[in-house]
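The values are calculated or read from the model by the stated rules, or taken from the named source; none is laboratory data. As the structure is a prediction and not an experimental result, all values here were calculated from the model. Methodologically, a virtual Cβ is constructed for each residue, glycine included, from the backbone with ideal geometry; neighbour enumeration extends over all protein chains shown.
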Amino acid sequence: MMLHIHTSNRLEYLIQNLVSVINANPLPPLIQETIVVQSKGMERWVSMQLAQYFGVWANGDFPFANAMLWRLFKESLGYLPDVSLFEREVMVWSIMNFLPDFLEHEEFMELNNYLQGDVQHIKRFQLASRIAEVFDQYLMYRPTWIADWENGGQPRELVNDSQARWQAILWRALVKRYGTQHRASLRADFFRNVQRIVPRFQRVSVFGISALPPFHLEVLAELGRVIDVYVFLLNPCQEYWGDILSDSEMAHIKRSQEEQYLEKGNALLASMGKMGRDFIDIFNEYPHNAQEYFESPDEERLLHCIQSDILHLRERGEAGKTPIDAEDMSIQVHACHSPMREVEVLHDQLLALFEDNPTLLPKDVLVMMPDIETYAPFIEAVFDTIPDESKRIPFSIADRSLRGKSALIDTFFSILELSKRRFSVTDVLAVLEDEAVQRRFGLSEQDLDLIRLWIDKTGIRWGMDKSDRARQNLPAFEENTWRAGLNRLLLGYALPNSSPNSSHSFLFQGILPFDEIEGGETLVLGKLISFVENLFDCVQSLDVSQSLEEWATFLMGVLESFFSPDENSEGDAQEIRRVLSSLVENSHRADFKDEVSHEVMLGYLSQYLESEPLPSNFLTGYMSFCAMLPMRSIPFKMICLLGLNDQTFPRPNKPLSFDLIAKNPKRGDRSRRQNDRYLFLEALLSAREYFYMSYVGQNIHDNTVMPPSVLVSELLDYISKGFVLPNLVTLHPLQAFSPRYFNGKDKRLFSFSSEYCVASAALLNERREGQSFFVNPLPEPIAEWKTVDINRLVRFFKNPAAFLLRERLGISLQTSKKFVKESEPFEVEGLERYALKQLLVEKSLEGMDLQAYQSIAKAGGELPHGKIGDYVYSELIKEIQGFVRRVQEVTQQEKRDAIAVNLRIGDIHITGRLSRLWRDNLIHYRCAKLKVKDYIQVWIYHLILNSLKDKDLPRHSLLIGEEGGCEYQPVSHSEEILDSLLKLYWQGLVEPLRFFPESSLTFAENIRWGKTEDEAFVRAQESWVGSSNKRGEAEDDYYQLCFGPPEESTALENGQFKILAKAFFEPLLAHKAKS
C-alpha cells in the first residue's frame, strides 16, 4: 500500500496506465472505482476512454477533490454530516447571521462604514459571500492560521494586520456556534483513524489534475499508507525542472540577493509553468513510487519542435535557428477586428484544414475562449446559419451560464428584475415573448402582434399605475401606465361600440374607451389581462422581505404561475427548483432565520444561475466550443484559442482587500493569473497537429494595431529566436467580403462563402447599368382589374412601382421596423403632431369646444403630462386657428352628401364614392405642408367629378394646406385626360412605369416656368437623388427594387420619364390656380 505517481507528457499514456492498474487488480463488482478529477469534461473523457478500452464502463465514481476529501473524513471518522457546516454555501448565511453583532466593535469599523445605508442588506450579503470565500481558502491553504485563531492567537505573519484581527474574531464566533468539524481541524483526526477507511475504499485514483492545495497532498500521502493511491500527472518535461525560473523571477532574485547561478531551462516552461512546477515539486517531496512514460514528438513541424523543446528542457536558438517549411500550418495566429470576425475567420480556416486533411474531423477540434458568453452569440450566428449544408460544421457550446443558455431562466430573472425597472413595454413584452410563458397563458405569436398593436394605440409606455410611478419618486400620473391602458381596453370591450363619427368623443369616469376589439380578440384580451395582473401581483410581492424558506416557496410559485416548460426546457425549470431547494437546506444548516430582501435573493440566484458555468455539451461528438477552464488538458488534434487579447488573458487577478493569502503568498497558492498561464501551456502541449490562436488585433474604428495577450507575444518571441519561417501573424481585413479574400494575392487570406464572394465582386466591378427587377413584362391581368376603385387609382399614381409589386406580385417591402415606444410623450412631434392637429381641425369644424376636448386627448395618452401638456395643447390650438378660419370661409356653403361613382372610360370601369362635396366645390384640406400626393389625389377626384353627367355637381375643386392651397378649374376634356391616365394604369399593371411623382412634378413645373428640357431635367435629378438635407425620391425601396439603387440607377435617363411627367402633370398645371 503506498502512493504511486505516474507522470507523462501525454494524457493518452496516463489513461493506458490507469487501464493497466484496473486490469491488474480489479475491484469487487459492488465496489466503485473512485477516480478523482477536477472537471466534468475530464470525467467525460476518462469515461469514454475506459469504455473504449474495456468495451463497457459502468459503476465509476468521479468526485471532485473537495468532495472526495470530505467523503474520506466522513468514512474514517463516522460522525460527520453529509455537508460540512463550513462549506462556502453554508458559511455565507452563518456570516450573514453574525456580522450585525460585531459591527460596533472597533476591529470592524471599516466593515461598519462600508455597510452604512445598506437598507436592503445587499451589501451585507455580498460581503458575507466574499468572507465565506476567503475562509474556505484558508481552510485549504492556511490550516495553521485557523488553528491559531481557534486557540485565541494570531499567526506571526498576521500580528500587525488589522484585517486579520476582525477575521479572527468572526472565525471564533463561527466555531463557537457550529463547532470545529471543518477540514482544517479534522485533518489530525483523519490521520489517527485512516485505517478505518479500508473497507470502504480499496483504491483511489487521481487523474489529470494540474494543481491541488498542499492540504490535499498531505491527505493523499497519508491515505497511501493504508490503500493504494494512484496519481496520474501530466508533466510537460521529463527533466527535473523544479529550479528553473522565468526572466521576471530571475530579475527579482538578482535585485534582492547576491549574484548566483540561476537556471532558466526553457523560456516557455519557465514563464508559463510556475503553477505546475510548484505542484509537481511539492508532490515529489512525499514518499512515493514513481513511474514515468515520456515520448518525444517528431520535429518535422513547428508545433512538435516546441513541444520537444519543453519536454527536453532546452532553449532552441543557442546553436542556430531551425528552418521550418513555409507551408507548415501547425501553429497559426490570426489578428482580427472583432470577436465576430474571429469566429468568421475560424470557420473558413477550419474548412480549409478539413479539405486538406481528410483525417481531421469536427470531433477532433476544441475551441476555447476566456469569456464564452461574449462569443456564444457570434458562434451561433456564424456556424449555425450556413445555407450550404456541405459547409456546415456540427458543433456544441459548453460552459455557458444557465441564464445565458436558457431562455426560460433568462425570463425568470427578467420577471424578478422588474421591481428594479420601470415596468416598461419592452420589459413586459420580453417576458411575454418567451415560449414557455406563452404556453402557460395560451397565447401565440399572432396574438402578440395584436397585443403590440393595442399597446401602441392605447398609449401604454411604462409603470404599473400612478402609485408605481410615485414609488419611483416621479409624478403620480396615471396616463401612459399599464393600468390606464388596460382600463381603456376593458371599457372598450364592455361598452357598445361608438359610431365612426363619434370616435374619441366621450369619456366614462375619466377613461377613454378603446373600441377596436372585435369577436375572438376578446379571448386574447382576457389572457393579456390575466398575464399582466399576475405580473402586477408578483412584482408587488417582491417588495416584501421574507425568510429564505418563504422566498423559495414564493419563487417556485412564480415558476409555476408563469411557465409551462416543454421537454426541452423542463430541465431548466428543474435547475431553478434545485437551486432553491439547496438554498433552503443551507439556511437550515446555518440556522439562518432572518428575513431578507428581494435584492439579496436576486444576488444569490445570480451567483448560481447567471455566473457559474454549466458543465454540459462537452465532448458530444461534434466540434466543442468551451470556456478556458483549468484542467482542460485533454488531447485534441486541433486546439483553437480565441479572444487572446491584451489585458483579457491571462485574466486579471484582483484579490479582495482583506484576502490575507494574497498579502502573504506561499508556494502552491492558487493564482488565477498563474492558472491561465499554465492553461495556455497545457493547451499548447495537448494539441497533436494544430495549435490555432486569434485575437482582436486591429481597432474596428480606426484600424490601429492592438497587441495580443502577453502569452501570445512570448510564444511568438520564442519562435522568432529559435526558428526561421515567415511571419506567423495573419492580419485580416475588417469585412468578410473584402476583395482581398478572393483576389488570390495572399494565399493566407481566403473565404469559402459564396455570398461574400458575390458581394466582393460587386466591390471590384465598375459602375454598371442598373438592372431592372423585371426582365420581361408581366402578362396582362384578368378582366376584374378593369374595374378600379377611385382610391386604388389614386394609390397607383402615388407610386406605380409599389402598387405593381404589392397588388400584383404580393411583394411588400417593410422599409423600417416599428419599435414599441416605452417613454411617455414629452412633446408632440412628427406624425403624432400632424394626426392630433388634423383631429383638432375636424373637431373645431364640427363645432366642438377644443378646451373641453383636452381631457379626451389627455386620457388617450396623446399629450405630455401636467402643465407641459397644457402648454403643448394650447400651442396646437393656436397653430390651427388660422387654418380652421380659412377652411370655414370656403365651407360656409351647403354641404352635399357623398355621391356614388359609376363611370366607364373606354373599357375601364371606375367605381367608388366621392365625398367632401359642397355646393360649389369639392374641398380637401390637410393641416400640413402640401405634398405631391395631395395634388395627385385631388386632381384624380377632380377629373372624375368633371366627367360625371350630373350637371348640378360642382366643377371646381379646392385643395387647402397649412401654407397655402390651390384651385382646380373646370376641365372640358376630362374624359380624354382620364382615358390617357387609365391607359397608363393598365400599362403599369404589366411593367413598372417610370413615373416618379416628386421628380415628375419638378420637371413639369420647370418646363411650365420657361426652363429648357435640359434645365428642367437637372432639377428633376436633384429631386430624385436628394441632398444632405432632403431625402431623395430614389431612396424608396420599391423604386430601388425595380430600377436599382440610387448610385447605379438611370431611371430618369430613360425617355419614358419625360413623356410620363408631361402626360400627367401638364394638364394638372394647366388647370391649377392659386387659391
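Per-residue answers, yes or no, for (1) aromatic (Phe, Trp, Tyr); (2) closer than 30 Å to HIS216 by Cα; (3) exposed (fewer than 13 other Cβ atoms within 10 Å of the Cβ):
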{"position": "GLY668", "(1), (2), (3)": "no, yes, no"}
{"position": "LEU679", "(1), (2), (3)": "no, yes, no"}
{"position": "TYR690", "(1), (2), (3)": "yes, no, no"}
{"position": "MET706", "(1), (2), (3)": "no, no, no"}
{"position": "SER709", "(1), (2), (3)": "no, no, no"}
{"position": "VAL729", "(1), (2), (3)": "no, no, no"}
{"position": "LEU749", "(1), (2), (3)": "no, no, no"}
{"position": "PHE752", "(1), (2), (3)": "yes, no, no"}
{"position": "PHE773", "(1), (2), (3)": "yes, no, no"}
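Filter the stretch 608-624 for residues that are at pLDDT 70 or above and closer than 16 Å to MET42 by Cβ and give the result.
Passing the criteria: PHE618, LEU619, THR620, SER624.
Might you check whether a residue that is surrounded by fewer than 16 Cβ atoms within 10 Å (Cβ to Cβ), within 19 Å of LYS933 (Cα to Cα) and in the same structural domain as LEU930 (by TED's automatic domain parsing) occurs anywhere in the stretch 989-1004?
The answer is no; no qualifying residue exists.
Check ALA476, ALA430 and return the single one that is free of Cβ contacts under 8 Å to residues at least 40 places away in the same chain, surrounded by fewer than 17 Cβ atoms within 10 Å (Cβ to Cβ), within 28 Å of ARG577 (Cβ to Cβ) and in contact with a helix residue (DSSP H, G or I) (Cβ under 7 Å, 6 or more places away or on another chain).
Among ALA476, ALA430, only ALA430 is free of Cβ contacts under 8 Å to residues at least 40 places away in the same chain, surrounded by fewer than 17 Cβ atoms within 10 Å (Cβ to Cβ), within 28 Å of ARG577 (Cβ to Cβ) and in contact with a helix residue (DSSP H, G or I) (Cβ under 7 Å, 6 or more places away or on another chain).
If a residue counts only when it is out of contact with any Cys (no Cβ under 6 Å at 6 or more places or on another chain) and farther than 28 Å from ARG589 by Cα, which helices (runs of 4 or more DSSP H) contained entirely in the stretch 121-226 have at least 1 such residues?
162-178, 214-223
Taking the condition surrounded by fewer than 18 Cβ atoms within 10 Å (Cβ to Cβ), assigned by TED's automatic domain parsing to the domain that holds LEU805 and among the aromatic types (Phe, Trp, Tyr), does TRP986 pass?
yes
Go through (1) crowded, with 21+ Cβ neighbours inside 10 Å; (2) touching a Gly at 6+ places or on another chain (Cβ under 6 Å) one by one and return the number of the condition LEU186 breaks.
(2)
Is there any pair with a first residue in the stretch 872-894 that is closer than 15 Å to ALA857 by Cβ and a second that is modelled with pLDDT of 85 or more and polar (S, T, N, Q) whose Cβ atoms are under 8 Å apart and which are 6 or more apart or on different chains, and what are they?
Partner pairs satisfying both residue conditions: ILE880/SER844.
Please go through the stretch 26-72 and pick out each residue that is assigned to a loop (DSSP other than H, G, I, E, B) and hydroxyl-bearing (Ser, Thr, Tyr). Before the answer, list the steps.
First pass over the stretch 26-72, keeping only residues assigned to a loop (DSSP other than H, G, I, E, B): 26-32, 37-39, 55-59, 62-64.
If the condition is that a residue be assigned to a loop (DSSP other than H, G, I, E, B) and hydroxyl-bearing (Ser, Thr, Tyr), then SER39 is the only one that fits.
Only one of ALA552, ALA573 is surrounded by 12 or more Cβ atoms within 10 Å (Cβ to Cβ) and under 26 Å from the mean Cα position of the chain (by Cα). Can you tell me which? Let's see the steps before the verdict.
Values: ALA552 fails: under 26 Å from the mean Cα position of the chain (by Cα).
Within the list ALA552, ALA573, the selection yields ALA573.
Is there a residue in the stretch 330-344 that is surrounded by fewer than 17 Cβ atoms within 10 Å (Cβ to Cβ) and either part of a helix (DSSP H, G or I) or hydrophobic (A, V, I, L, M, F, W, C) (or both)?
no
Identify, please: which residue in the stretch 73-120 is aromatic (Phe, Trp, Tyr) and not in a helix (DSSP H, G or I) and is, among those, nearest to LEU170 (Cα to Cα)? Steps first, please.
Initial filter on the stretch 73-120 (aromatic (Phe, Trp, Tyr)): 73, 79, 86, 93, 98, 102, 108, 114.
Filter once more, so that each one left must be not in a helix (DSSP H, G or I): 79, 86.
Details: TYR79: 25, PHE86: 13 Å.
This residue is PHE86.
Can you name the residue in the stretch 1040-1063 that is within 35 Å of the chain's Cα centre (by Cα) and surrounded by 14 or more Cβ atoms within 10 Å (Cβ to Cβ) and, of all such residues, is modelled with the lowest pLDDT?
That would be PRO1046.
Can you say whether LEU1001 is over 14 Å from HIS942 (Cα atoms) and either modelled with pLDDT of 90 or more or over 52 Å from the mean Cα position of the chain (by Cα) (or both), as far as the supplied structure shows?
yes
Going by the structure shown, is LEU914 surrounded by fewer than 17 Cβ atoms within 10 Å (Cβ to Cβ) and in contact with a helix residue (DSSP H, G or I) (Cβ under 7 Å, 6 or more places away or on another chain)?
no
Please specify each residue of the stretch 555-570 satisfying the condition of being of a type in the set (S, T, N, Q) and over 15 Å from PHE531 (Cβ atoms).
ASN568, SER569
The conditions are (1) within 52 Å of the chain's Cα centre (by Cα); (2) in a helix (DSSP H, G or I); (3) surrounded by 18 or more Cβ atoms within 10 Å (Cβ to Cβ), and VAL887 fails exactly one of them. Which is it?
(1)
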